[in-house]
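Report on one structure; see the data block that follows.
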Amino acid sequence: MDYDTLVAALEGLLSGEPDFLANAANFAAFLYQELPEVNWAGFYFANAAGDLVLGPFNGRPACTRLPHGRGVCGAAAAERRTVVVDDVHAFADHIVCDSASASEIVVPLIADGRAYGVVDIDSPRAARFTAADRDGIERLVGAFERAVDARRAPVPI
Ligand code: SME
């Protein structure tokens, strides 16, 4: 993947639009359309209790709430680091939303040192997300974070 080109395209897509939800919706669609072998791409946002609530996404309808600290998403939010799972069936605390998913990457959204949400991407192919994909997807999430105001996230922090 040419992540330099994707980052530039994403910056163009998000520029000039201040609405958080509009940019989040377009970022989810962008990830789903531009990354090959992806069956789900979208957001969860942390509420006051730390549960993750479903946000804009592309793919099949998904779990609406992930309990605090649970699943791959909860681990990424709690540890404030990207989590890549090559085989979701081997990750004990994986939460199944779509049985077609075989591998997954979750990147936390950080503001003021707190994880206020995550970007989750699933693939039907095991070990879909390489070290280069992790680096590139973290850059894409970084471009999204620069383009939005975290205080406007759908779930107040
Ligand atoms: N598999 C995730 C749940 C979200 S869905 O993949 C869309 C997890 O274990 O946190």
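The values are calculated or read from the model by the stated rules, or taken from the named source; none is laboratory data. This structure is a prediction, so every number in the text was calculated from the model and none was measured. Because the Cβ atoms are built from the backbone with ideal geometry, glycine has one as well, and the counts that use them run over all protein chains shown. Ligands, DNA and RNA are excluded from the accessible area calculation, which covers all protein heavy atoms including side chains. Shrake-Rupley method; radii C 1.70, N 1.55, O 1.52, S 1.80 Å.
Out of the residues in the stretch 29-45 that are in a loop (DSSP other than H, G, I, E, B) and out of contact with any helix residue (DSSP H, G or I) (no Cβ under 9 Å at 6 or more places or on another chain), which is farthest from GLY136 (Cα to Cα)? Can you show your working first?
Start the filter on the stretch 29-45 by keeping residues that are in a loop (DSSP other than H, G, I, E, B), which leaves 35-39.
The next check asks that each one be out of contact with any helix residue (DSSP H, G or I) (no Cβ under 9 Å at 6 or more places or on another chain); those that pass are 36-37.
Details: PRO36: 14, GLU37: 15 Å.
Among those residues, the one meeting the criterion is GLU37.
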*When you go through ALA76, ALA48 one by one, which is the residue that is assigned to a helix (DSSP H, G or I), in contact (Cβ under 8 Å) with a residue 24 or more places away in the chain and not acidic (Asp, Glu)?*
ALA76
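Go through the stretch 51-64 residue by residue and tally those that are in a loop (DSSP other than H, G, I, E, B) and more than 9 Å from the ligand (Cβ to nearest atom). First the steps, then the outcome.
We begin by selecting, within the stretch 51-64, every residue in a loop (DSSP other than H, G, I, E, B); these are 51, 60-64.
Right, trim to more than 9 Å from the ligand (Cβ to nearest atom) and you get 51, 61, 64.
Matching residues across the stretch 51-64 total 3.
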*Mind listing whichever residues of the stretch 43-73 are on the phi > 0 side of the Ramachandran plot and either in contact with a strand residue (DSSP E or B) (Cβ under 6 Å, 6 or more places away or on another chain) or modelled with pLDDT of 95 or more (or both)?*
GLY59, GLY71
_Considering only residues that are acidic (Asp, Glu), part of a helix (DSSP H, G or I) and either within 23 Å of PHE91 (Cβ to Cβ) or under 10 Å from the mean Cα position of the chain (by Cα) (or both), which ones fall in the stretch 122-157?_
ASP133, ASP135, GLU138
*the stretch 65-101, residues that are closer than 26 Å to GLY142 by Cβ, open to solvent by less than 50 Å² (accessible area, probe 1.4 Å) and either more than 10 Å from the ligand (Cβ to nearest atom) or touching a helix residue (DSSP H, G or I) at 6+ places or on another chain (Cβ under 7 Å) (or both)*: LEU66, GLY69, THR82, VAL83, VAL84, VAL85, HIS94, SER101
*Give the residues of the stretch 1-34 that are open to solvent by less than 40 Å² (accessible area, probe 1.4 Å) and touching an Asp or Glu at 6+ places or on another chain (Cβ under 8 Å), sorted by residue number.*
TYR3, LEU6, PHE20, ASN23
*Within the stretch 108-121, is there a residue that is surrounded by fewer than 20 Cβ atoms within 10 Å (Cβ to Cβ), assigned to a loop (DSSP other than H, G, I, E, B) and touching a Phe, Trp or Tyr at 6+ places or on another chain (Cβ under 9 Å)?*
no
_Filter pass, ARG60 being surrounded by fewer than 21 Cβ atoms within 10 Å (Cβ to Cβ), farther than 15 Å from PHE27 by Cβ, in contact with a Cys (Cβ under 9 Å, 6 or more places away or on another chain) and of a type in the set (Lys, Arg)_ = yes
